Amino acid sequence: MINLDLHSHSTFSDGTLMPESLVARAAQRGVTTLALTDHDDTGGLAAARAAAAEHGIRLIDGVEISVTWHGQTLHIVGLGIDPSDAVLQAGLEATRGGRADRAERMIAAFEALGIAGSRDGAQQFAANPQLIGRTHFARFLVTQGVVKDIKTAFKRFLGGGQPCYVPHEWATLDAAVSWINGSGGTAVLAHPGRYPLDTAQMRALLSEFRDLGGAAIEVVSSSHRPHHYAAFAAHARQFGLAASAGSDFHSPHESYHDLGSLPELPTGLTPVWEVLN
């Protein structure tokens, strides 16, 4: 298997490394193909592309779009997109606007708990002011000593059902897949093992995703363990979907899998990099 990573984040969303530094780390760790897939934003791609040329690795233009499906937040990765596509950019801009509104409601929730300074605290970790998200608030809580790590911040404050979790209606699944495909990209369901869906719900999601034009699912992800690899490999085969692999890298200190450390895909699958548009 070639050493690739098709899911990573920079400071243009909720990663801690600038695009240039992200690419440099990937190259240092032996990655030959990297996709930068920031949340709802493509602003880091030009710098990442230039750095990739300098380091001699392939950069795939990507994005990760926030979606609401039957009340559940999902993420759809677009690989090989055209970042200049007007329809895609209009959709991403609308989605980013929703993030700003959600951030304000999260700030109010922290204040109601007596946790002051969350606006400035989150902003110090957000290089992109349009994309303040839960991870930025989680980092603020860690620096304040409220929690010991990012995982605990989500468990106590920011995860679903917790006091500072704010539900939000993101893009529809249909819209996200349409934006990606319309820009020449390939739509991938990100880290399916993270979603609290039972088997019937997962099958319904995969069936709808495929019928809308979705092409692949992440089988190997930092959110998955070995039993997930086998389960989602079976789903990929059942629904005729290609398989992707990505670390969902955010930081050298926060990510379960570092760049360049992904296990191989299970056998008998069509790798998504063989079918990219």
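The values are calculated or read from the model by the stated rules, or taken from the named source; none is laboratory data. Values in this document were obtained by computation on a predicted structure and should not be read as measured data. Counting neighbours? That spans all protein chains shown, and the Cβs are built from the backbone with ideal geometry, glycine included. Heavy atoms of the whole protein, side chains included, go into the accessibility calculation; ligands, DNA and RNA do not. Shrake-Rupley method; radii C 1.70, N 1.55, O 1.52, S 1.80 Å.
Descriptive notes on the structure:
- ³J(HN,Hα) computed for each position of the range 66-78 - Karplus, 6.51 cos²θ - 1.76 cosθ + 1.60, integer Hz, glycine/proline x: 7, 9, 10, 10, 6, x, 9, 7, 10, 10, 10, 8, x
- Global size of the range 108-171 as Cα Rg and Dmax, reported in angstrom: 11.2, 34
- Accessible area (Å², per residue) of the chain, counting only protein heavy atoms and a probe of 1.4 Å: 41
- Pair-distance distribution of the chain: all C-alpha pairs, bin width 5 Å, starting at 0; shares per bin in whole percent are 1, 6, 13, 17, 19, 18, 14, 8, 3, 1, 0.
- Largest to smallest accessible area among Tyr195, Tyr165 [probe 1.4 Å]: Tyr165, Tyr195
- Rounded percent of accessible protein surface that carbon and sulfur make up, the chain, 1.4 Å probe: 50
- More than 20 Å apart - percent of Cα-Cα pairs taken over the range 74-218: 55
- What the Cα convex hull of the range 161-226 gives, in volume per residue, is 123 Å³.
- Using alpha-carbon coordinates, inclination of helix 86-112 to the longest axis of the chain, degrees: 30
- Computed [θ] at 222 nm, deg cm²/dmol, the chain (DSSP H ≥ 4; -39,500 (n - 2.57); rounded to nearest 500): -12000 deg cm²/dmol
- Label point distance in nm, Gln72-Tyr256, each placed 7 Å from Cα along Cα→Cβ: 1.7
- Amide H to amide H, with H built 1.01 Å from N, Ile60 comes under 5 Å of Leu34, Ala35, Leu36, counting only residues 5 or more places away or on other chains.
- Taking Cα atoms only, the orientation of helix 173-182 departs from the longest principal axis of the chain by about 60 degrees.
- Available extension along the chain between Thr33 and Glu264 is 81.7 nm, counting 0.36 nm per residue and deducting the alpha carbon span.
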